[in-house]
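What follows is a single structure, written as structure tokens, with notes after it.
The values are calculated or read from the model by the stated rules, or taken from the named source; none is laboratory data. Note that the structure is predicted; figures quoted are calculated from it, not measured. No Cβ is skipped: glycine too gets one built from the backbone with ideal geometry, and neighbour counts run over all protein chains shown.
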Amino acid sequence: MNMKKISLLGSTGSIGTQALEVIEEYSDRLSVVALAAGKNVGLMEEQVRKYRPALAVMWSEEAAKELKVRIADTDTKVSSGMDGLIEAATVSEADIVLTAVVGMIGIRPTIAAIEAGKDIALANKETLVCAGHIIMPLAAEKGVKILPVDSEHSAIFQSLNGERKNKISKILLTASGGPFRGMAREQLKGKTVEDALKHPNWSMGKKITVDSATLVNKGLEVMEAGWLFNVPVSDIEVVVHPQSILHSAVEFEDGAVIGQMGLPDMKLPIQYALFYPDRLPMHGKKLSLFDVGSMTFEKPDPDVFEGLKLALRAANEGGSMPTVFNAANELAVARFLDGKIGFTDIYEIIKKAMNAHRTIQSPNLEEILDAEREVYEGC
């Protein structure tokens, strides 16, 4: 197997650091040519010294200046901002770009990478939620693979292997239910940031952990799955599965259901995307069905966890509305994490933004970014 060269956008986050662990484990087959992060200069310096990329990018210009001083004794070039992200996404040596940045800043570099003919290991939901109508046709035109890194979408992708010609009846998209599963709406009102960050199964960044608690994350994943697998939202069913062992499944028109199971560990979908179509050994604990004992499945309650209901409304309306949904949620979660609003206020901010927006059908990239600005200025 030839050495596969990777550009990693979002290297200091949860997905990025786990991806680097996979790369380190398979250093004879994987190498890093570019790293990009937000403002964690200390961790980026460690990563540069360990993985020796040709390029390191910091979103913050100040952070980039500090990093440049810190790694002046290395051969790594330092860039910053959106120009830097696009440079990292299109670096000529890269075979695959793993996009693990959080937020809509991932859209432009993903488009640039596709235009440069790079395969995409996708861990940035906003790319397809907001610009799926741009991304998927462009990837098809350029002959570029979009390889999902989310555990649920990776599970669907794996379940479809060898089945692409057969008609899907529906996708079963699993959700853990988050830390507040089974609670009534009144119980959610007093929930704190600390409560919301206590996810029962997964270790993730703060923003996505809150999104899991509101079920917004599952709504975003429904939209993403629709674009990835060319399935209408009406054929995607969310199933609450508290054990997080079945990561998602596909039901075919003959009634057969094929799913992928495993422990709740992001390294498996990361490794699968980086080595696709090959499977390689992965160290660590393996799934034992005897240890699991039993698995349960429940219907979500969209009247309590309105994140899912609002996401489905945005998905069905389409156009620029998913961007408004996503941007309003990003704004609301940031305020919640800062202690400025309560947990259920997240839903109210999303509703306010969606109600105020006049949908643009098939928005171009500038109109998508304008819709995001509209939310931030209006809320």
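Where the second residue is of a type outside the set (A, V, I, L, M) and the first is on the phi > 0 side of the Ramachandran plot and lies in the stretch 195-206, which pairs have Cβ atoms under 8 Å and are six or more apart or on separate chains?
Pairs that qualify, where the first residue is on the phi > 0 side of the Ramachandran plot and the partner is of a type outside the set (A, V, I, L, M): there are none.
Tell me yes or no: at least one residue of the stretch 321-329 is under 21 Å from L128 (Cα atoms), more than 20 Å from the chain's Cα centre (by Cα) and without any contact (Cβ under 8 Å) to a residue 40 or more places away in the chain.
No, because not a single residue in the stretch 321-329 is under 21 Å from L128 (Cα atoms), more than 20 Å from the chain's Cα centre (by Cα) and without any contact (Cβ under 8 Å) to a residue 40 or more places away in the chain.
Could you list all residues from the stretch 266-299 that are exposed (fewer than 10 other Cβ atoms within 10 Å of the Cβ) and touching a Leu at 6+ places or on another chain (Cβ under 7 Å)?
K285
Please determine whether any residue of the stretch 214-221 is within 15 Å of the chain's Cα centre (by Cα) and either surrounded by fewer than 15 Cβ atoms within 10 Å (Cβ to Cβ) or over 28 Å from P137 (Cβ atoms) (or both).
yes
Answer yes if at least one residue in the stretch 156-165 is at pLDDT 95 or above, under 23 Å from V22 (Cβ atoms), polar (S, T, N, Q) and crowded, with 21+ Cβ neighbours inside 10 Å, and no otherwise.
Yes, there is a match, as at least one residue in the stretch 156-165 is at pLDDT 95 or above, under 23 Å from V22 (Cβ atoms), polar (S, T, N, Q) and crowded, with 21+ Cβ neighbours inside 10 Å.
Quick check on E186: is it more than 15 Å from the chain's Cα centre (by Cα), modelled with pLDDT under 95 and not polar (S, T, N, Q)?
yes
In the stretch 178-186, is there at least one residue being touching a Ser or Thr at 6+ places or on another chain (Cβ under 7 Å) and buried (at least 16 other Cβ atoms within 10 Å of the Cβ)?
Yes.
Of the conditions (1) surrounded by fewer than 22 Cβ atoms within 10 Å (Cβ to Cβ); (2) in contact with a strand residue (DSSP E or B) (Cβ under 7 Å, 6 or more places away or on another chain), M204 clears all except one; give me its number.
(2)
Just the residues that are in a helix (DSSP H, G or I) and in contact (Cβ under 8 Å) with a residue 24 or more places away in the chain, please, taken from the stretch 290-302.
Selection gives V292 alone.
Can you pull out the residues in the stretch 64-93 that are under 14 Å from L43 (Cα atoms) and either buried (at least 20 other Cβ atoms within 10 Å of the Cβ) or in contact (Cβ under 8 Å) with a residue 40 or more places away in the chain (or both)?
The answer is A64, L67.
For every residue, the table says whether it meets (1) of a type in the set (F, W, Y); (2) within 24 Å of A315 (Cα to Cα); (3) free of Cβ contacts under 8 Å to residues at least 24 places away in the same chain; (4) assigned to a loop (DSSP other than H, G, I, E, B).
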position	(1), (2), (3), (4)
E237	no, yes, no, no
Q243	no, no, no, yes
H247	no, yes, no, no
V250	no, yes, no, no
L263	no, no, no, yes
L268	no, no, no, no
Q271	no, no, no, no
R279	no, no, yes, yes
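Restricting attention to the stretch 11-60, which residues are in contact with a Gly (Cβ under 6 Å, 6 or more places away or on another chain) and assigned to a helix (DSSP H, G or I)?
Result: S14, G16.
Please work out if E152 is farther than 21 Å from M223 by Cβ and either modelled with pLDDT of 95 or more or crowded, with 22+ Cβ neighbours inside 10 Å (or both).
no
If you check every pair at least six apart or on different chains, which have Cβ atoms under 8 Å apart with a residue in the stretch 18-40 that is over 16 Å from A54 (Cα atoms) first and a residue that is of a type in the set (D, E) and assigned to a helix (DSSP H, G or I) second?
Note: pairs meeting the criteria are K39/E62.
Please state which of the following conditions M44 fails to meet, knowing it meets all the rest: (1) surrounded by 15 or more Cβ atoms within 10 Å (Cβ to Cβ); (2) touching a Phe, Trp or Tyr at 6+ places or on another chain (Cβ under 9 Å).
(2)
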